[in-house]
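**Student:** This is the structure I want to talk about, given as structure tokens.
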Amino acid sequence: MALLTPFSKVPELNTATILLVEIEEQLQSKLADVIVHYEKEFNVNVRLARKLPLPVENKESRPRIDLIVFIVNLLSERSLQSVESSLNHLHSDYFLGKVCFLVTDARCGSYTRDRLASVRKLAASHQCPVICAEPRTADGVHAAAARLLSILKVSAGMSPIPTTALYLSTLTRCSATSDLEED
Amino acid sequence: MDEQTRFVLRRIFKKIPSRNIEDLLKNWNCLTADQLRALDYTRPKWTLVENIISFCEERRLNLKHITNLEMINRIKNPDSDTWHTCQLVEAQDDALFVELTQFKEQLKAYLEGVIRHISIKIKKHEDEALWIRIAWGDNFSKPNHLKPTYVVHHLHTSYVFICNLVAKHKILLYQALMVSTKHGSIKDAHLSNRSLTAMRTLLLRHYQQVFPNNYSRILDEGNTCPSHPCIEKEHAAHEERRDQLASEAFGDSPTLKLETAVYRLETRYRGNVKTTFSDEEELFRGVVKFSSTSLLQSLRHCVASGDFSYPIFLLLKTLTQI
């Protein structure tokens, strides 16, 4: 089973690549449109996928992926299951700060609380950050895009302050402790 | 014009909305231009209808003209009643050579031979459709013009669309159709819908069909190309293939609004778990019912977004292949 590896290709000059993985394909195109127009200092390539593994045909033409974002819609059970199965296709090197979880609709419905808890547990076990986003308003999409870009800058090595993705991940990684059971 | 004719005329106009009356009378072409001009369409409907009836009496129109009027109206607005589809099978050798006049004569001869009082009217529409209006009586009473049966058939196709047929006359009509189209038998296709136009479009394949081919489809305006050159879809080829499959099965945008579909399932349990299904010889039987506001559109969307595995897709594809 071919795993996706982060360091098997040479990076391109002044370019960062982000991969958005979402089984429903709703938020990813909106985010992609905002991301490519937002960043002016370097090129951002956005690749959209429904799930991993990625098709083998694109292997040669695919650039090095600096950040993988798994978008989980908390209103659907299928979303979380698809992300869990996609994680098996990633090389473990990616979990050193190059993977991020984005959840949507965390405030709606009654099942979302349990799903959010499982996403947080999953993220904590892989030491990745969890970002909550509001997909229905333009402001929410912009805010999510800005946060993703700030993480992408570090994982692609474009950050002005010398820092690495691993270091950032120790600051941003999710901790699913028992403080969730407060309320 | 006798009382019964007037009654039938009133009942016909009762079902027609006022806005359609003017066009209908022009198409009918039985009232003079002066009379048409004299009608005042701003008056309430019952006044208008009484005026029309008095004009008809002046012109001495009879039941034939009235039924013609009803037929014109029904051809113009076919989608107001439920239509059922039947399929002619076992075509005999000369079924393809049946001509229009031959068909008409044979149908009339058969039905008139069985029932003494029956009123049959056959019209050919410009789109090759044959419209048949049948008012049934029996050997003792006059035909009932208030509940006519309508049949639509395209010659040399195997589908017949029937509206308003009671069980009593079903066998007769089926036999008449079999004889006049030279087919061995006719069966119920289990497809009913209010919209005749949509059913015809689907079954007679009047829409733009997509055929399987080895090359990718030419992108047209409706296709989703990413808006920016830096955005790329990983699964683009897969998406195109799925879209192609969906269009082959259901057409680009199906017009027929199916609300329920029922599948009869007969299958065998396959597995190596020791359960009550260990008896391999017995078939597992069940009924699967799909319902939706527009089934074909939702199935097409599900197939295009990859929600179904290929074997399930092959089963669902048969929905449009009667």
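The values are calculated or read from the model by the stated rules, or taken from the named source; none is laboratory data. Being a predicted model, the structure only gives us computed values, none of them experimental. Here the Cβ is made from the backbone with ideal geometry for all residues, glycine too, and neighbour counts use every protein chain on show. Heavy atoms of the whole protein, side chains included, go into the accessibility calculation; ligands, DNA and RNA do not. Shrake-Rupley method; radii C 1.70, N 1.55, O 1.52, S 1.80 Å.
**Student:** With A:A124, A:A117, A:A106 as the choices, which residue is small (G, A, S) and surrounded by fewer than 14 Cβ atoms within 10 Å (Cβ to Cβ)? Full working, then the answer.
**Tutor:** Values: A:A124 fails: surrounded by fewer than 14 Cβ atoms within 10 Å (Cβ to Cβ); A:A106 fails: surrounded by fewer than 14 Cβ atoms within 10 Å (Cβ to Cβ).
From the options A:A124, A:A117, A:A106, the qualifying one is A:A117.
**Student:** Which numbered condition trips up B:L173, out of (1) aliphatic (A, V, I, L, M); (2) over 27 Å from B:E248 (Cα atoms); (3) assigned to a loop (DSSP other than H, G, I, E, B)?
**Tutor:** (3)
**Student:** Inside region A:17-27, can you point out the residues that are part of a strand (DSSP E or B) and either among the β-branched types (V, I, T) or within 7 Å of another protein chain (Cβ to nearest Cβ) (or both)?
**Tutor:** Going through region A:17-27, the residues part of a strand (DSSP E or B) turn out to be A:17-21.
A:T17, A:I18, A:V21 - these are the residues of region A:17-27 that are part of a strand (DSSP E or B) and either among the β-branched types (V, I, T) or within 7 Å of another protein chain (Cβ to nearest Cβ) (or both).
**Student:** I'm checking my understanding of the structure. Among residues of region A:91-103 that are outside any loop (DSSP other than H, G, I, E, B) and open to solvent by 10 Å² or more (accessible area, probe 1.4 Å), which one is farthest from A:S8 (Cα to Cα)? Lay out the reasoning, then the answer.
**Tutor:** Taking region A:91-103 and keeping what is outside any loop (DSSP other than H, G, I, E, B), we get A:92-95, A:99-103.
Right, trim to open to solvent by 10 Å² or more (accessible area, probe 1.4 Å) and you get A:92-93, A:95.
Values: A:S92: 13, A:D93: 11, A:F95: 15 Å.
Result: A:F95.
**Student:** Something else now. Answer with yes or no whether B:L88 is part of a helix (DSSP H, G or I), surrounded by 13 or more Cβ atoms within 10 Å (Cβ to Cβ) and not β-branched (V, I, T). Let's see the steps before the verdict.
**Tutor:** On the way: part of a helix (DSSP H, G or I): no; surrounded by 13 or more Cβ atoms within 10 Å (Cβ to Cβ): yes; not β-branched (V, I, T): yes.
Considered against the rule, which asks whether it is part of a helix (DSSP H, G or I), surrounded by 13 or more Cβ atoms within 10 Å (Cβ to Cβ) and not β-branched (V, I, T), B:L88 comes out as no.
**Student:** For region B:284-322, which residues satisfy the criterion of being under 26 Å from the mean Cα position of the chain (by Cα), more than 16 Å from B:S247 (Cβ to Cβ) and modelled with pLDDT under 85?
**Tutor:** Selection gives B:I322 alone.
**Student:** On to the next question. Which numbered condition in (1) open to solvent by 70 Å² or more (accessible area, probe 1.4 Å); (2) over 13 Å from the mean Cα position of the chain (by Cα); (3) among the polar types (S, T, N, Q) is the only one that A:T163 fails?
**Tutor:** (1)
**Student:** Still on this model: Pick out the one residue from A:L102, A:L54, A:L87, A:L74 that is under 17 Å from B:E234 (Cβ atoms) and in contact (Cβ under 8 Å) with a residue 40 or more places away in the chain. Talk me through it step by step, then tell me what you get.
**Tutor:** On the way: A:L102 fails: under 17 Å from B:E234 (Cβ atoms); A:L87 fails: in contact (Cβ under 8 Å) with a residue 40 or more places away in the chain; A:L74 fails: under 17 Å from B:E234 (Cβ atoms).
Only one candidate passes the filter, namely A:L54.
**Student:** Tally up the residues in region B:41-56 that are more than 15 Å from B:L25 (Cα to Cα), in a helix (DSSP H, G or I) and open to solvent by 40 Å² or more (accessible area, probe 1.4 Å), please.
**Tutor:** Initially, region B:41-56 is screened for residues more than 15 Å from B:L25 (Cα to Cα), giving B:42-44, B:46-47.
Subset that is in a helix (DSSP H, G or I): B:46-47.
Then keep just the ones that are open to solvent by 40 Å² or more (accessible area, probe 1.4 Å); that gives B:46.
Within region B:41-56, residues that are more than 15 Å from B:L25 (Cα to Cα), in a helix (DSSP H, G or I) and open to solvent by 40 Å² or more (accessible area, probe 1.4 Å) number 1.
**Student:** Which one is least open to solvent (accessible area, probe 1.4 Å), of the residues in region A:28-37 that are at the interface with chain B (Cβ under 8 Å from one of its Cβ atoms) and aliphatic (A, V, I, L, M)?
**Tutor:** A:A32
**Student:** Looking at region A:38-75 only, could you name the residues that are closer than 21 Å to A:L13 by Cβ, within 13 Å of another protein chain (Cβ to nearest Cβ) and surrounded by 13 or more Cβ atoms within 10 Å (Cβ to Cβ)?
**Tutor:** Residues satisfying the conditions are A:Y38, A:E39, A:F42, A:N43, A:V44, A:N45, A:V46, A:R47, A:R62, A:P63, A:I65.
**Student:** Determine whether A:R78 is assigned to a helix (DSSP H, G or I), more than 17 Å from A:A143 (Cα to Cα), open to solvent by 20 Å² or more (accessible area, probe 1.4 Å) and within 11 Å of chain B (Cβ to nearest Cβ).
**Tutor:** On the way: assigned to a helix (DSSP H, G or I): yes; more than 17 Å from A:A143 (Cα to Cα): yes; open to solvent by 20 Å² or more (accessible area, probe 1.4 Å): yes; within 11 Å of chain B (Cβ to nearest Cβ): yes.
When the stated conditions are applied, A:R78 passes them.
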